[in-house]
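Data first, discussion second: the structure below is written as structure tokens.
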Amino acid sequence: MNSLSLPVVHPEFQKLKRSGRFLHLAAAFFILLHAVAHFFSHHANYFYLGCLLLIAVDIIILVFAGANILKALPKVNLFFRLVEFFFFFGIGITMLAEGGYIIGLVHLILSAACFYLFYCEKKLLTDEYIAIHHTGITIPDLPEQKFFIWSNINEIEAQYDSITVQTSGNKSYHFELQKNLEFEELDQIHEFCRHYLGINRR
């Protein structure tokens, strides 16, 4: 039996993809908010202010005019997420250095959230699959994929369009498949079940 990798539709991954535009908008809003606060401060730097507005406008244009770009070119999405991380991190450190501890801490929290989103969205490029091999089963999850050895698996219920994995901890993982299984693939899953779980199916 060869190892088998099946592209799946992970509910959490899909939720993160759908929320991507909203999260970019939230980041743009906070950048604009900081720009307004900087404009009314006593030490406003207009070059810095222009950079803030440029970043915010770029993100807004990307969200509204480039929605298809975010889907077709996910690395563009990662680039802007990284820009947001560096922006909030830089502002947070600057605010802390100037004694603005609350504002600085808020920006550092935002930067940590952006980096976490960057990490999760980077995983979306490669990790939306379930892998069945001789040592166990790998299941996609956030922030890290999960691996179960065969002794921790009670049952695998495979249909042509979905697959469900029941673990020994009474937890169930159900995934819709991105494409229907071939007959040979379904038979191979049943062969894994017969060999490692002692479950016979026809």
Handout entry: Residues within region 130-142 that are within 19 Å of Glu191 (Cβ to Cβ) and assigned to a strand (DSSP E or B), tallied
Key = 7
Practice task
Answer yes or no: is there a residue in region 103-123 that is surrounded by fewer than 16 Cβ atoms within 10 Å (Cβ to Cβ), over 25 Å from Lys15 (Cβ atoms) and out of contact with any Pro (no Cβ under 8 Å at 6 or more places or on another chain).
Solution key: yes
Handout entry: Restricting region 86-99 to residues that are out of contact with any Gly (no Cβ under 7 Å at 6 or more places or on another chain) and crowded, with 21+ Cβ neighbours inside 10 Å, the residue that is farthest from Ala28 (Cα to Cα)
Key = Ile91
Exercise for the section: Go through the residues of region 143-163 one by one and say whether even a single one is open to solvent by less than 60 Å² (accessible area, probe 1.4 Å), of a type outside the set (A, V, I, L, M, F, W, C), outside any strand (DSSP E or B) and at pLDDT below 90. Expected result: yes
Problem - Count of residues meeting criterion [open to solvent by less than 80 Å² (accessible area, probe 1.4 Å) and modelled with pLDDT under 80] in region 43-57 - result: 4
Exercise for the section: List every residue pair whose Cβ atoms lie under 7 Å apart, where the two residues are 6 or more positions apart in sequence or sit on different chains, the first residue falls within region 1-15 and is closer than 14 Å to Lys123 by Cα, and the second residue, located anywhere, is modelled with pLDDT under 70 and part of a loop (DSSP other than H, G, I, E, B). Expected result: Phe13/Leu124
Exercise for the section: Looking only at region 170-190, decide whether some residue is touching a helix residue (DSSP H, G or I) at 6+ places or on another chain (Cβ under 7 Å) and either under 23 Å from Gly20 (Cβ atoms) or part of a loop (DSSP other than H, G, I, E, B) (or both). Expected result: no
Practice task
Determine the pairs where a residue that is at positive phi, located within region 143-163, has a partner that is basic (Lys, Arg) and exposed (fewer than 13 other Cβ atoms within 10 Å of the Cβ) with Cβ atoms under 8 Å apart, the partner being 6 or more residues away or on another chain.
Solution key: none
Problem - Matching residues in region 170-197 - criterion: being within 21 Å of Thr135 (Cα to Cα), open to solvent by 60 Å² or more (accessible area, probe 1.4 Å) and either within 26 Å of the chain's Cα centre (by Cα) or not basic (Lys, Arg) (or both) - result: Asn170, Lys171, Ser172, His174, Glu184, Asp187, Glu191, His195, Tyr196
Exercise for the section: Please give the number of the condition Phe40 fails out of (1) modelled with pLDDT of 85 or more; (2) open to solvent by 90 Å² or more (accessible area, probe 1.4 Å). Expected result: (1)
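The values are calculated or read from the model by the stated rules, or taken from the named source; none is laboratory data. The shown structure was predicted, so the numbers you read here are calculated from the model rather than taken from an experiment. When we count neighbours, we look across all protein chains shown, and the Cβ atoms used for this are built from the backbone with ideal geometry, even at glycine. Calculation scope for accessible area: heavy atoms of the full protein, side chains included, ligands and nucleic acids excluded. Shrake-Rupley method; radii C 1.70, N 1.55, O 1.52, S 1.80 Å.
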